[in-house]
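The structure appears right after this line, and notes come after that.
The values are calculated or read from the model by the stated rules, or taken from the named source; none is laboratory data. Remember, it's a predicted structure, so these values are computed and weren't measured experimentally. Glycine also receives a Cβ, built like all others from the backbone with ideal geometry; neighbour counts cover every protein chain displayed. Each accessible area value is taken on the protein alone, full model and side chains, heavy atoms only, with ligands, DNA and RNA left out. Shrake-Rupley method; radii C 1.70, N 1.55, O 1.52, S 1.80 Å.
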Amino acid sequence: MNSSHDSHAADGLADGFGTRAVHAGQPPDPLTGALMVPIYQNSTYRQRAPAEPIDGYEYARTKNPTRLALERNLAALESGRHGLCFASGLAAINTVLNLLKSGDHVVAGDDLYGGTWRLFEKLYANFGVTFTYVDLADLAALQGALRPNTRLVFAETPTNPLLRICDLRAVARLAHSAGAKVVCDNTFATPFLQRPLELGCDIVVHSLTKYLGGHSDVIGGALIVNDDELAARLAFFQNAVGAVPGPQDCFLVLRGTKTLHLRMERHCQTAQRLARFLVAHPQVSKVYYPGLRDHPGHAIAAAQMNGFGGMISFVVKGDVERGKRVAARARLFACAESLGGVESLIEHPPSMTHASIPVELRRARGLDDGLLRISCGVEDADDLERDLAQAIEAR
Ligand SMILES: *Cc1c(COP(=O)(O)O)cnc(C)c1O
């Protein structure tokens, strides 16, 4: 178990987010003074004597110094006491579900990451866990869905792809009064924009693959919690299941988190500008971005986030083919799944990330045929705007 609060070089100084991003969990290497945490590429450690490991280092599935540095860094960024890293975001979510047993119930948002939904319905449902999906922005719906056996409420905010916002404080209050823990997948917001533990949530989930890694070159996941006993249970599953990241991947994510605050500022700035451009475009019928005043979650987002993020969804007028054509015609925006890298991406959920949802259900859930989702990178906004314009206007 990896408390973030035991040995920071920058402890006591590292109050600001940017300072924590650069320093937390990463004192210079004691052997050489190397500023960057070394990639400890090893599986085992010589012990002083049988059952006398040095500083708890017995075997690298259980503990690795590069991973530990990342776990401490992420815990500090999320205002948490404990961080745990995994081989992917889904491995992290799976570890949360390891807390459950047959007969338990989970309430989850109804606009979830598809892989999370698949894990719930195609795996855990087979083991006697039941799931109810509600729009967590609707607190009466959440209240109505809670049962005596509800153990977890699983939230995403902003959601994917419709960028809906839920009030995490209110969700936590209702869930706690029913005896359930609140899990928040904070992948879209990142701790720079939103820190769910400060808002009353119990477990923060990340896909490190997205903004935290930030460069589209690594798959990883993390959990951050405050409660010592919960952290110990999750660390037990981390070791018992073994879906841990390698040290090279941890190193890459540590490189990413150092510039998280700089990248997020730019992602937000560009997204705000492109959202305004899209609103004014005659070929665009809807724009989903929490930074727009008429977004239904705008006031809550303004209160619980420090910015509105780098993701925008919008609807072009026309059919599925029209939507696909816009994604195909974009040149700077690469047509690709995923998000959160320095390069801009565009995707067409109806034919890509959300293609597995039957067409009637998809439309009923507000995923229009012409829906497109963009991840705004850190290129020049002028160029990005020109590229969107030509892609939308191309016939
Ligand atoms: C990508 C993503 C995941 C899954 O993470 P992987 O690293 O791909 O396993 C989970 N939640 C959200 C919101 C995501 O965007």
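Some notes on this structure:
- Within segment 343-395, the residues that satisfy the criterion of being at pLDDT below 95, outside any helix (DSSP H, G or I) and β-branched (Val, Ile, Thr) are THR353, ILE357.
- Residues of segment 1-23 satisfying the condition of being at pLDDT 95 or above and of a type in the set (A, V, I, L, M): ALA21, VAL22
- Identity of the residue in segment 118-143, in contact with a helix residue (DSSP H, G or I) (Cβ under 7 Å, 6 or more places away or on another chain) and part of a loop (DSSP other than H, G, I, E, B), that ends up least open to solvent (accessible area, probe 1.4 Å): LEU136
- Test for PRO282: is it more than 18 Å from LEU162 (Cβ to Cβ) and open to solvent by 40 Å² or more (accessible area, probe 1.4 Å): yes
- Those residues of segment 88-97 which are more than 8 Å from the ligand (Cβ to nearest atom) and either open to solvent by 10 Å² or more (accessible area, probe 1.4 Å) or assigned to a loop (DSSP other than H, G, I, E, B) (or both), in sequence order: ASN94
- Of residues in segment 196-224 being assigned to a strand (DSSP E or B) and within 15 Å of VAL182 (Cβ to Cβ), the one nearest to the ligand (Cβ to nearest atom): VAL205
- Within segment 315-324, the residues that satisfy the criterion of being at negative phi and either open to solvent by 80 Å² or more (accessible area, probe 1.4 Å) or free of Cβ contacts under 8 Å to residues at least 60 places away in the same chain (or both) are VAL315, LYS317, ASP319, VAL320, GLU321, ARG322, GLY323, LYS324.
- Residue match in segment 172-184 (condition: buried (at least 23 other Cβ atoms within 10 Å of the Cβ) and within 14 Å of the ligand (Cβ to nearest atom)): yes
- Within segment 214-272, the set of residues being hydrophobic (A, V, I, L, M, F, W, C), within 17 Å of the chain's Cα centre (by Cα) and open to solvent by less than 30 Å² (accessible area, probe 1.4 Å) comprises VAL218, ALA222, LEU223, ILE224, VAL225, CYS250, VAL253, LEU254, LEU260, MET264, CYS268.
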